Structure formats: structure tokens, C-alpha cells
1. Could you tell me the distance between the Cα centroids of region 560-627 and region 660-695, to the nearest Å?
2. Determine ³J(HN,Hα), in whole Hz, for all residues of region 442-454 in sequence, where each value follows from phi through the Karplus function 6.51 cos²θ - 1.76 cosθ + 1.60 and θ = phi - 60°; x replaces Gly and Pro.
3. Quick one: if you stick a label point 7 Å off each Cα along the C-beta vector at L478 and N94, how many nm between them?
4. When the accessible area of region 637-694 is split by element with a 1.4 Å probe, what percent falls to carbon and sulfur?
5. Rounded to the nearest percent, how much of the accessible area of region 553-595 (1.4 Å probe, protein heavy atoms only) is carbon and sulfur?
6. Kindly report, to the nearest 10 Å², the accessible surface of H518 as traced by a 1.4 Å probe over protein heavy atoms only.
7. Gain in length, L133 to K290, computed as 0.36 nm per residue apart minus the alpha-carbon separation, to one decimal in nm?
8. Considering amide H positions built from the backbone, and no H for Pro or chain starts, which residues 5 or more places from F555, or on another chain, come under 5 Å of its amide H?
Amino acid sequence: MPAVVSKFLEKGETALKVNRTALSGAVVAAVMFTYGYKVAYPLLDRYFHKVNKEQTNINNNLVKTNIIQQNGDPKTQKAMTQRRKLRNPIPALNLRFILQFLKLIKIMIPSVFSPEVALLSAHTVFLLLRTFLSIYVANLEGAIVKYTVKKEPRNFLIQLSKWFAVAVPATFINSMIKYLESKIALSFRSRLVEHSYELYFKNQSYYRVTTLDGRLDNCSQRLTDDIETVASTVSHLYSQITKPLFDILLMAIALANLVKSRNANLITGPVIISGVVLFSALLLRIVSPKFGQLVAQEAEKKGYLRHVHGRIVANAEEIAFYGGHKVEQSHLRSAFRILVQHMEHVFGVKLWFVMLEQFLMKYVWSGTGIFVVSLPILLSATKPSKINDELSTGQDSVSERTHYFTTAKNLLITGSNAVERLMSSYKDVVELAGHTARVANMFHVLEEASQGIYQKTVVEKKDKVGGFQIEFKGNQPLAKGTWIHSKNEILLVDVPIVTPNCDVVCPSLSFQLLPGQHLLITGPNGCGKSSLFRILSGLWPIYGGELHSPKDAMFYIPQRPYMVIGNLRDQIIYPDTYTDMINKQVTEEDLRRIMQMVNLEHIVERDTFHEIKDWTDILSGGEKQRMAVARLFYHKPKYALLDECTSAVSIDVESNIYQQAIDMGITLLTITHRPTLWKFHSHILQFDGTGSWTFEMLDSNERLDLKSEKTEILQNSKDQTMSNKNIARLTEINKLLGEDENQAE
């Protein structure tokens, strides 16, 4: 190395025509400047982050948009952030991480007789074989060097043939180690994914964690990327920790035997090496950055970037209609900029730490190892008097010392690498803590959500609304209502309609509905019509009163039906599977008759029941609504919750559909603005938009007369100013009909 530097300086002196001393000084100055920059980087990074504090705050606010929307008051936001930090401490190698990791281990390895134990056992065997092979190869290299020095071609060729022979099992063992590590990672991931899916779909948790609970941000990323990272990291860490332990143990035994054969002291070397390693480990532990926190923050920012991408994909048509690409592009760029800034910060933090780590492990340890290996030779009591004896027959010949030194050096390098991997794995363990915290927290939240336990930020605790007040425990509302399964009837007794944000839409609602009593639900926008359906379906908690309803007897059809992945048959029988359809003894002829009832038989003729297509894009709005009604006719529930479900269907087809539903014995609960559907209902629940309501028998003829009178008043007012009398009458009619002021349909 000095010769190379000398030649470099000589050529530089000739090419640049400068004095060698000046050139050497410039090189040393450049090296010192670079080294100083590396050491001072954390301070500079902190300074520049302090300068850009305002931009950082803006970025953090953008990442946590949902939290800010729920906490408009900055004081509330600050308090919420502090509570969140207390509730979710920084991920690190601590007791919390150990407990979370043990829970995940129980999921990944459910029993001692599971396939994962067999894979781990096989992996351990191959790791142990690899260690024995390393010791054998080290001795083999020493023998090759020994016979090279002794100039014995025959023995040299024998050892070299052994070298090539051992290559076959060595490559097989190395390949098997990687193969088994991948198999273990895949098996762990399968266990975690299966467990997460079970929790995700248990008691509609997939809906509850996004609507009623605010603790999980970007749940999809935790279900995919974070679980994959945890599984692969755990599998890698097993070999990353197990093999170094084997290496250290067996290499120490082999080295001890080797040193003992030289009649050297067995205590001095291990004490020196242990002291250096412990000092290095302590120093690295003290200066180690918080990798767990950095990894968790990186995952959060990646999740937000994916969330922004998902919003654009989900709302592409609306964005295109508005021409909002500039705004969406700015959001996307801002989200990516946040991730880039964080990654740059991580790279800067790792820069000086990796430098210190490499300095200690590559150079300090190597120098210590060379010193320790050389001690038995330097302090050897054997001092041959003649060079010829040393080269030929002496007990401590050059070849023997070369054999010892080469073998000991290889063993020490292998052991040193093992200790290095073992210490480097600490960083991987801390990074694993970040992903483990996210996955364990997801499992915890999903379990609580499936049990009806929610935690969501409430903007403010409101006073009584119409005599009803939500009771809070800490910062979370208590759902004190009771849901009782009845045989046939729907009965509400003082049930409030409360949104997930704790807005009381209706303080108390009471009515009884029996099979065959078809209910029309009317009222202005935001009065609680759709919210009532969510409460009846069990999606929203009941904060008071009693709800009596039959179990699994309601079928909901929204205004925009959901088209599933599959063929045409799957669209009709959803959420049943083909096996469920066979068990119900329903044939394709029955499905064809249902399609005729909703005037969709032409789709069957065109595509057949077995054609798989993207039905969301193929079917028109009216066809999708009629497909949803076909599902209703297939399932034949006791009650149907119809939320503007035929708004895109022609009036004649709509009337025919409603009449057939009634003939099938389905009791209808309908939200609609079409007067043509009033005649199919016997009762009316009318909200006024202020929390009050009326429940009574429906006289469709009387309501039609009021509707006609309202239409006539509005038409007459187009050409002339409306009189005070007409204004008063129009207000009265709107109140009687439960409609908005300009709602003419």
C-alpha cells in the first residue's frame, strides 16, 4: 500500500508539476476535510433541519391530514399528539418489543409439531454443517500453504483435490441455507397473513377500523408490506444470529486446540479479543441512532404516499371531470418529497454510524486478531540454531509456523466475521422492532374492533341534544344501547342516531315495524335516513335505548351497487359462493328467471353466466342497480333496506320491481324521492332535519295531491314573483312532505 501511494504521488508530481510535499499535504487535507465532514454531519443535519422547521411542520401536517381534520383546534392537536406518543412509545429493543415479538412468534410457530419447527430444525442442521465445513476448509488452506512452503508437489495436489472435492457439498449446503431461509420466511408470512385476514374480516372489522376507529392509518400497507418485512427479517435474523453463535463457539474451540498445540498461553488471546469486542459493542450501543423509530416513520410515509396514489385511482373519473390533475399532482409530489427528505435524513444518520462500525470491525478487530495470532509465534520458546534445520526437520519449522498462522488466521477471520454479523444484527433487530410494533398494533386494534371497542378522536364533547347526551369514559364515547334479536319485528325504543364523530342527528327514535308493513323514509339531506340503515344493519354502535331486529334478515342495496370480481353468476348470488348456491338448491334456470324479473335477460344471452368480465365498467348505472335487485330476489330476505337503489331505473321497470318484491313477501324500508313509489308503502317515517320525526300510516293519495300542488306553485313562480301566501303554503307543504325547499321531483 505505501508503494502504491508513493507511485501515485510521483506521477502526480510529474503531471501537475508541483512539489511532492505540497501534493502530499493537499491529499492529507482533503482526507481530513472529508473525515471531518462525516463526523460533523449529524450536527450540520440538525442545524439544517432546524432552519427548515417550518417546512417540516407543513410536511408533517400533510402526512397527518386525517388527524388534523378531526382536531381543528391546535391545542387539541398538540394534546392528541402527546397522548399518541405515550400510547405508542418509540419502537426499540425493550420489554414492549419482546412481548410484541413473542405474540407474533406464537402466531408464526403455533406448536412444536408445526411444519415451521421442522424447517427451523433443518435450517439449524445445515448452519451447523456450514460451520464444521468452515473449520475443515481453514485447516485445508493451512495444509495447502504448508506443503507449498515445503515444496512437496504430491501432498500439495492431494490437498488441492480435497479442496475441489469439498466444493460440491459446500455449494449444496450454502444453497440449502438460502432455500430454507426463504421457505421459513414464506411460511411465517403465510401464518401472519392468515391470522390478519381472520381478524380483518371478523365481525366486519375491515369496516369498523376505517369508520369507527382512528388508530390504524393505511391498514393495507400493514397487511402487505409490513407483514412481509417482519416474516423475511425474522427468518434472516435466525440464520444471522444462529450461525455466528455456532461459528464463535466452534472456532473458539478450534483456535484453543491450535494454540495449545503451540504450547502457548490460552488465556491472553481470548481476554484481549473479548475486551476489544466488548468495548466496541458498548461504544456502538451508546452512539447507535434510533433505527426502530426511523423505520416506523419511513413505513408511515411510504403508506401515506400509497394512500395518495390509491385516492387518485379510486377517484380518477371525478378528478378528470373537474380537471383537478394539478392539485392531485401537487399532493403526490408533496407526499414523495416528504419520503425523500426522511430517506436523506436516514442516509445521513447511517453515514457516520456505518463509518464507525466499519472502523471498529474491519480494522481494529483485524489488527487485534493479527496481534493475538502472532503471539504464539513471537513468544515461542523454540529457537533453532541453524537455518537449514528450521527449513527442514525442525519441530518449529517455517512450514509448521506457516501452517499454524494460515489456519489460525482463517479461523479468526471466520470468528471475527461471526461476531461482526452478530453485532450488526442488533441494528436489524431494532429495525425489526419498528415493523413489529406496526403489525402487533394492527392485530391489537383489529381484535378490539371485532369486540366493539373503538378509539377515535372526538372534536368536542357536546351538551345534551334533545334530552340525550353521549356518555364518555375518558375520551371515548360509551355505546350503552342494547341490541336484542327478535323473531320478526323491528322495534326501536328511544334509540338515538349518532354518527361515528359523535354528532347526534336524532336524539331519540321509537317505532315498531311488522312484516308486511312497508316503510317509506323521507326527510331533507343529512337528517339521518341512511344513518338509520347503518344502525339497523349493525354497522354503527347503539349509544342508547333498545333495538329489536331479526338476525340475518336484512339485505341492503345502496344507490351505487358493488360489483364483485367473478362471472355473471357471482354478481347475482353475492355474497354467496357457488357452493352455497348449490346447497340452497338454486339452479341456473332459477337465476335466468330472476334476470328476466329485472329485465336483464339480454345480458345472460350476451355474456352467459360463466363469463368473467369487469362488470363495473361493462354495466351501465341502471343495469348495476337492477343487478343489485336481482341479488335481493335471489336471497329473499325478510327485510330490504333500499337506499335510492332504483334512481337510475325507468319508472315502469321500477314499479314492476317493487311489486314483485312485495309479492315475494319482502318487507321494504325505502329511501326515495320518487312519488311513484309511495303507493307501495303502508307507513312513513319522516324526519324534519332538526332531530324531530313522525311515524304514521301513509296516505299516498294525499301525499300525491300535496306533491302536485307544490309542483304547480313552483311552475307558476317561474314567470312571476311568488306571493307571501304561496311562500307560506310552499313551506307548509315541504314540512308535510319532509322535503327540501326546491325539491320538486
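1. What the calculation gives is 27 Å, centre to centre.
2. My calculation for region 442-454 gives 4, 4, 5, 5, 5, 5, 5, 5, 5, 9, x, 9, 10 Hz in order.
3. 3.2 nm
4. Roughly 55 percent of what the probe reaches on region 637-694 is carbon or sulfur.
5. The computed percentage sits at 51.
6. Rounded to the nearest 10, the figure is 20 Å².
7. Extending this stretch completely gives an extra 52.8 nm.
8. Placed amide hydrogens put Y639, A640, L641 under 5 Å from F555.
The values are calculated or read from the model by the stated rules, or taken from the named source; none is laboratory data. Everything numeric here is computed off the predicted structure, so don't read it as measured data. A quick note on method: Cβ atoms are made from the backbone with ideal geometry, for glycine too, and the neighbour counts reach across all protein chains shown. In case anyone asks, the SASA skips ligands and DNA or RNA and just uses the protein heavy atoms, side chains included. Shrake-Rupley method; radii C 1.70, N 1.55, O 1.52, S 1.80 Å.
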